[in-house]
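Written below as structure tokens is the structure these notes are about.
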Amino acid sequence: MGTGALRAHLIEARLAGTIATTREKSLERYRLFAARDPRALLGLDPERDWPLSEVLRLMGRKCGVSADPAHTSGPDVIDPDRTVAALDGFAERVATAAGRRAPVLIGTGHPHRLLEFYAALADALSSAGCTVLTPAYGARVDIATRFGVRPCTLEYVRGVALMRETGVRGAPGAGGVHTHSPLPVRTALAAAADAAGPLPGLVIGDHGWVCGAGQLGFEAIGLADTDDPAPFVGQAEGRVSVVVPLDDAVRATDYRPLARYVLNRSGLSR
């Protein structure tokens, strides 16, 4: 898939262009981030204050959303050219990791939507000689949700870490908990360190996976929607290497062309 075809797909699938994420939801998250609410920080500890006005300006630069505080309703908009440029940067980091045969850790808080995208990367990186790490498999992690704290287990499906709610069973490729928490990546990295095994040279993910890893000093790249400013702030402050702006909740199949594009650009296509 060339750049033009990818851009057209982004708009048609509403991964970019006019997306389903609402302005109201994004503004609420920006306010929470400016107030340093842990629900919006995703494991990031900003180096300085980020008032709402600066968060808006940053998201305008990184995603293409309106930076006008008077724009308070309607669907959000992502500039597809910014998405394509970020995917190119994402692919460069993947290619560098593959060239060094660096150990990689991949995790998602969106298992129902993004598992297949990340699994394609895990498979390609493994074939290139990278060790796809699976530390803390089966570990319990208590995740705070709107329904209270829920006990979950850290599992890996096709090399991709995800959380499952304890006692809930599903097919190997199904199930999983939607979470923004950085606790899973902290648990995985602590287990890798305690085992004196290899630590990741690159962490790939979203939500708490990318912010939590970047905060701990690991190179991290990931995907983020317009209502999650933390990864973009992490990038602005130098703790996250690449963030791809896109809607992170469309159909799982719509991310396949993005995976193919990244693998082609990184020289890992088979």
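The values are calculated or read from the model by the stated rules, or taken from the named source; none is laboratory data. Just so we're clear, the structure is a prediction, and the values are computed from it rather than from any experiment. Quick reminder, even Gly has a Cβ in these numbers, built from the backbone with ideal geometry, and neighbours come from all protein chains shown. Side chains included, ligands, DNA and RNA excluded: accessible areas come from the protein's heavy atoms. Shrake-Rupley method; radii C 1.70, N 1.55, O 1.52, S 1.80 Å.
For segment 2-120, what does the alpha-carbon gyration tensor say about shape, rounded, prolate or oblate, given a ≥ b ≥ c as the root eigenvalues, a/c under 1.5 as rounded, and a/b over b/c as prolate? Don't jump to the answer; show the numbers that get you there.
Numbers: a/c = 1.90, a/b = 1.30, b/c = 1.45.
Taking the square roots of the gyration eigenvalues as a ≥ b ≥ c, segment 2-120 is oblate.
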Requested in this report: Describe numerically, in nm with one decimal, the distance between label points set 7 Å from Cα along Cα→Cβ at R256 and at T166.
Outcome: 3.8 nm
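Using 0.36 nm per residue, how much length does the chain from T145 to E116 gain when fully extended, once their Cα-Cα distance is taken away? Display every interim value, and only then the final one.
Details: separation 29, 0.36 × 29 = 10.44 nm, distance 2.44 nm.
Here the answer is 8.0 nm.
I'd like the carbon and sulfur percentage of the solvent accessible area for the chain, probe radius 1.4 Å, heavy atoms only, ligands and nucleic acids excluded.
On the way: 5690 of 11270 Å².
Summing carbon and sulfur atoms, their accessible area is 50 percent of the total for the chain.
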**Report entry** Where Rh is the Kirkwood radius over Cα pairs, Rg/Rh for segment 3-266
**Finding:** 0.94
Query - Additional length obtainable on full extension of the chain from S269 to D194, 0.36 nm per residue less Cα span - result: 23.5 nm
**Report entry** Mean Cβ count within 10 Å, highest first, over the residues of peptides 242-250, 124-132, 146-154
**Finding:** 242-250, 124-132, 146-154
**Report entry** Under Karplus coefficients 6.51, -1.76 and 1.60, residue-wise ³J(HN,Hα) of segment 142-153 in Hz, glycine/proline x
**Finding:** 8, 9, 7, 10, 5, 9, x, 7, 10, x, 10, 10
Query raised in the report: Taking only protein heavy atoms and a 1.4 Å probe, what accessible area per residue, in Å², does the chain have with all protein chains in place?
Result: 42 Å²
Report summary line: Phi-derived 3J(HN,Hα) across segment 180-188 with the Karplus relation (6.51, -1.76, 1.60, θ = phi - 60°), rounded Hz, x for Gly and Pro, is 9, 5, x, 4, x, 5, 5, 5, 5
**Report entry** Centroid-to-centroid separation of segment 185-200 and segment 10-42 [C-alpha atoms, Å]
**Finding:** 31 Å
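Kindly rank 55-62, 22-29 from highest to lowest mean number of other beta carbons found within 10 Å of each residue. Working shown, then result.
Details: 55-62: 19.0, 22-29: 17.1.
Most protected by this proxy first, the peptides run 55-62, 22-29.
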